[in-house]
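Presented below is the structure to which this report refers.
The values are calculated or read from the model by the stated rules, or taken from the named source; none is laboratory data. In this text, all values refer to a predicted model and were calculated from it rather than measured experimentally. Note that each Cβ is placed from the backbone with ideal geometry, even for glycine, and that neighbours are counted across all protein chains shown.
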Amino acid sequence: MKSKSKKTSTTMSDIQLSYYQSTSDQLFEHLRDEIVNMAIEPGSTMSENKLAAKYGVSRTPVRETIAKLAALGFVEVRPQRGTFVSKLSISKIIEARFIREALEVAIVALCAEKATDELILECEQLIEKQRLAASKMDALSFQQLDDAFHQTFADFAQYQRAASLIQYEKAHMDRVRNLGLKESGGQYQSVLEQHVAIVDALKARDPELARAAMSSHLHLILQVIDSVKARHPEFFEELE
């Protein structure tokens, strides 16, 4: 363990804690990844006291973390009852996909119109990193790289408010995407092929081709919802 005086890092239970980032930000990133990776399952309780004790921190960063997770739709705070990891909602997933498509199809068309060699190279490098993650069947890393791929377009278009809305909406899709990758290895190849198709449209500077490629890509989630629910009905809201 490195000493605190060097301002590097120490451990917070199983989190490697950096002194260059706030405790609440690091705890948020850790718990968000745990939820997305299904290490913390839908419907699980999240106690401030237990989390504070587990990670050896005060309740303040835990409270801040729970507020961030709730803002993204990952947890529900129920007065007098406690805090719970949100169950999956098919209706919210379908609506989230609809919203993402409306925004991301428009963004990628703009990117295709104004694409630079630097943008194309960045996308291709992310795809290569995804290939490596896929070869290791690393669903979480693959998904994080997928998010980075999509964020690249919002950054290039300088549409950060749209990116924030996409970030919120995709929270309803992330866990289903992760389960689909873990339990159906063929999805890795499908996603990679679709990302390559999007980049090919950028290379062609063809907005309509980019629209079609992105739309096709975002429909992939619809192919896995039913199979995931069939295998894990306990993860979904009951009244659907």
Quiz item: What is the number of the single condition among (1) modelled with pLDDT of 95 or more; (2) surrounded by 20 or more Cβ atoms within 10 Å (Cβ to Cβ) that LEU51 does not meet?
Solution: (1)
Quiz prompt | Single match in ALA201, ALA154, ALA148 (criterion: modelled with pLDDT of 95 or more, buried (at least 21 other Cβ atoms within 10 Å of the Cβ) and under 22 Å from LYS68 (Cα atoms)) | solution = ALA154
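Give the number of residues within the stretch 157-170 that are over 15 Å from the mean Cα position of the chain (by Cα) and either within 17 Å of LEU192 (Cα to Cα) or surrounded by 15 or more Cβ atoms within 10 Å (Cβ to Cβ) (or both).
Step one: filter the stretch 157-170 for residues over 15 Å from the mean Cα position of the chain (by Cα), giving 157-162.
Imposing the further condition that a residue be either within 17 Å of LEU192 (Cα to Cα) or surrounded by 15 or more Cβ atoms within 10 Å (Cβ to Cβ) (or both) reduces the set to 157, 159, 162.
Residues in the stretch 157-170 being over 15 Å from the mean Cα position of the chain (by Cα) and either within 17 Å of LEU192 (Cα to Cα) or surrounded by 15 or more Cβ atoms within 10 Å (Cβ to Cβ) (or both): 3 in total.
Name the single residue, out of those in the stretch 75-129 being of a type in the set (Ser, Thr, Tyr) and surrounded by 15 or more Cβ atoms within 10 Å (Cβ to Cβ), that is farthest from the chain's Cα centre (by Cα). Walk me through how you get there before you give the answer.
Of the residues in the stretch 75-129, the ones of a type in the set (Ser, Thr, Tyr) are 83, 86, 89, 91, 116.
With the extra rule that they be surrounded by 15 or more Cβ atoms within 10 Å (Cβ to Cβ), the set shrinks to 83, 86, 89.
On the way: THR83: 21, SER86: 15, SER89: 16 Å.
Restricting to residues being of a type in the set (Ser, Thr, Tyr) and surrounded by 15 or more Cβ atoms within 10 Å (Cβ to Cβ), the top hit is THR83.
To keep it simple, each residue is scored yes or no on (1) of a type outside the set (Val, Ile, Thr); (2) touching a Leu at 6+ places or on another chain (Cβ under 7 Å); (3) under 28 Å from ALA96 (Cβ atoms).
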{"position": "MET46", "(1), (2), (3)": "yes, no, yes"}
{"position": "ALA52", "(1), (2), (3)": "yes, no, no"}
{"position": "ALA67", "(1), (2), (3)": "yes, no, yes"}
{"position": "ALA70", "(1), (2), (3)": "yes, no, yes"}
{"position": "VAL77", "(1), (2), (3)": "no, no, yes"}
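Yes/no matrix, rows are residues, columns are (1) out of contact with any helix residue (DSSP H, G or I) (no Cβ under 8 Å at 6 or more places or on another chain); (2) in contact (Cβ under 8 Å) with a residue 24 or more places away in the chain; (3) β-branched (Val, Ile, Thr):
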| site | (1), (2), (3) |
| --- | --- |
| LEU69 | no, yes, no |
| VAL75 | no, yes, yes |
| ARG81 | yes, no, no |
| ILE99 | no, yes, yes |
| GLU104 | no, yes, no |
| GLN125 | yes, no, no |
| LEU145 | no, no, no |
